[in-house]
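Enquirer: Take this structure first; my questions come after.
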Amino acid sequence: MDLDLHVTRFDWAGGPSGIGPGVAHLARTAEAIGIKTLSFMDHFFQMDMVAPGEDPMLEGYTALGFVSALTQHLRLRLLVTGVTYRHPGLLAKTVTTLDVLSGGRAELGLGAAWYEREHKGLGVPFPPLGERFERLEEALQICLQMWSDNNGAYAGKHYQLAETLCSPAPVSAPRPRIMIGGGGEKKTLRLVAQYADACNFFGNPDMVAHKLGVLKAHCEAVGRDYREIEVTALLQAQPGWTPDDVLREAEAYAAAGAHTIMASAIGDDPAGVLEGLFAPAVERMRSIETKV
């Protein structure tokens, strides 16, 4: 089992002048202890369900580019890109640029978007949920076409591209990995089965096992082996936990079918938490086998 790091907040870094050095230290620490993938959110306001919207938030792809220049092995993605924020053709080019400059470490995380406040606040159109899912599927198709040998046109309901030229091509072979975020059982997990290399679930191991069962059924319907899809799950570390607690939770998630657990950057010193809580567990986690 692998360990990823998801960064959802920057209020620990000491204000605007401290965010750059703080993120740099966190990323270098993550790489040093063996974190596989570092992700940021794709938000422009902090989520007001967990903290004031006025709390600091970085634009995700700019932040990933910064981290890519500081590291050599960390894989890089947003968890997850909101489909409404960028035209799919430009999104494919953005991820490709990150992939080329990082030496093939970029991944595309993509979802239907949900945070209405920041859409309205920044003047970004926020279509109904059904339309957002239609746009999500078209965006996946466009990215896949741009990462193929087909430079021709794309004609969808919401997006029309005269040519899907993407040069230079990604370094990742055959293309950057795709993660679809969310656990919606009718639409989201169908899209995971059809298009994704990875998915992400929020919830306890029982919830992960249930969602994986739904995903298996969708994979059977489209003729795909569900074992091709990496299952990741967000770990909610609790105050007072020890590395043994992390390992116990990792074993429970692996038994539910997860390949990777994702730690959050927590506390006033998230790099210190990585070193004290997660570093002693990383190597031992790699011996934990996922139930298939």
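The values are calculated or read from the model by the stated rules, or taken from the named source; none is laboratory data. What you are looking at is a predicted structure, and each value in this text was computed from that prediction instead of being measured. Counting neighbours? That spans all protein chains shown, and the Cβs are built from the backbone with ideal geometry, glycine included.
Enquirer: For the stretch 198-211, name all the residues that are closer than 26 Å to Arg135 by Cβ and either assigned to a helix (DSSP H, G or I) or touching a residue at least 40 places away in the same chain (Cβ under 8 Å) (or both).
Expert: Ala198, Asn200, Phe201, Lys211
Yes or no, residue by residue, for (1) out of contact with any Pro (no Cβ under 9 Å at 6 or more places or on another chain); (2) farther than 29 Å from Pro21 by Cβ; (3) part of a strand (DSSP E or B):
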position	(1), (2), (3)
Thr232	yes, no, yes
Pro239	yes, no, no
Val246	no, no, no
Leu274	yes, no, no
Pro280	no, no, no
Arg284	no, yes, no
Lys291	yes, yes, no
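Enquirer: How many of the residues making up the stretch 26-36 are in contact with a helix residue (DSSP H, G or I) (Cβ under 7 Å, 6 or more places away or on another chain) and either crowded, with 17+ Cβ neighbours inside 10 Å or not in a helix (DSSP H, G or I) (or both)?
Expert: 6
Enquirer: When you look at Asp42, is it part of a loop (DSSP other than H, G, I, E, B), of a type in the set (Asp, Glu), buried (at least 16 other Cβ atoms within 10 Å of the Cβ) and at pLDDT 95 or above, yes or no?
Expert: So Asp42 passes the test.
Enquirer: Which ones in the stretch 106-148 are assigned to a loop (DSSP other than H, G, I, E, B), touching a residue at least 60 places away in the same chain (Cβ under 8 Å) and either under 16 Å from Ile178 (Cβ atoms) or more than 17 Å from the chain's Cα centre (by Cα) (or both)?
Expert: Of everything in the stretch 106-148, just one residue is assigned to a loop (DSSP other than H, G, I, E, B), touching a residue at least 60 places away in the same chain (Cβ under 8 Å) and either under 16 Å from Ile178 (Cβ atoms) or more than 17 Å from the chain's Cα centre (by Cα) (or both), namely Ala112.
Enquirer: Could you please give the count of residues in the stretch 3-25 that are of a type outside the set (Phe, Trp, Tyr), in contact with a Pro (Cβ under 9 Å, 6 or more places away or on another chain), part of a helix (DSSP H, G or I) and surrounded by 14 or more Cβ atoms within 10 Å (Cβ to Cβ)?
Expert: Selection size over the stretch 3-25: 4.
Enquirer: Give the stretch 175-220 a look and list any residue that's among the polar types (S, T, N, Q) and either modelled with pLDDT under 95 or surrounded by fewer than 18 Cβ atoms within 10 Å (Cβ to Cβ) (or both), or say none.
Expert: Gln194, Asn204
Enquirer: Taking the stretch 59-81, which residues are hydrophobic (A, V, I, L, M, F, W, C), within 20 Å of Leu122 (Cβ to Cβ) and part of a strand (DSSP E or B)?
Expert: Matches in the stretch 59-81: Leu78 only.
Enquirer: Looking at the stretch 45-73, which of its residues are under 16 Å from the mean Cα position of the chain (by Cα) and under 20 Å from Glu116 (Cα atoms)?
Expert: Leu58, Glu59, Gly60
Enquirer: Moving on. For the subset of the stretch 158-205 comprising residues that are farther than 27 Å from Glu249 by Cβ and small (Gly, Ala, Ser), which member is farthest from the chain's Cα centre (by Cα)?
Expert: Ala162
Enquirer: What's the total number of residues in the stretch 16-40 that are farther than 17 Å from Leu274 by Cα, in contact (Cβ under 8 Å) with a residue 12 or more places away in the chain and either of a type in the set (Gly, Ala, Ser) or touching a His at 6+ places or on another chain (Cβ under 8 Å) (or both)?
Expert: 1
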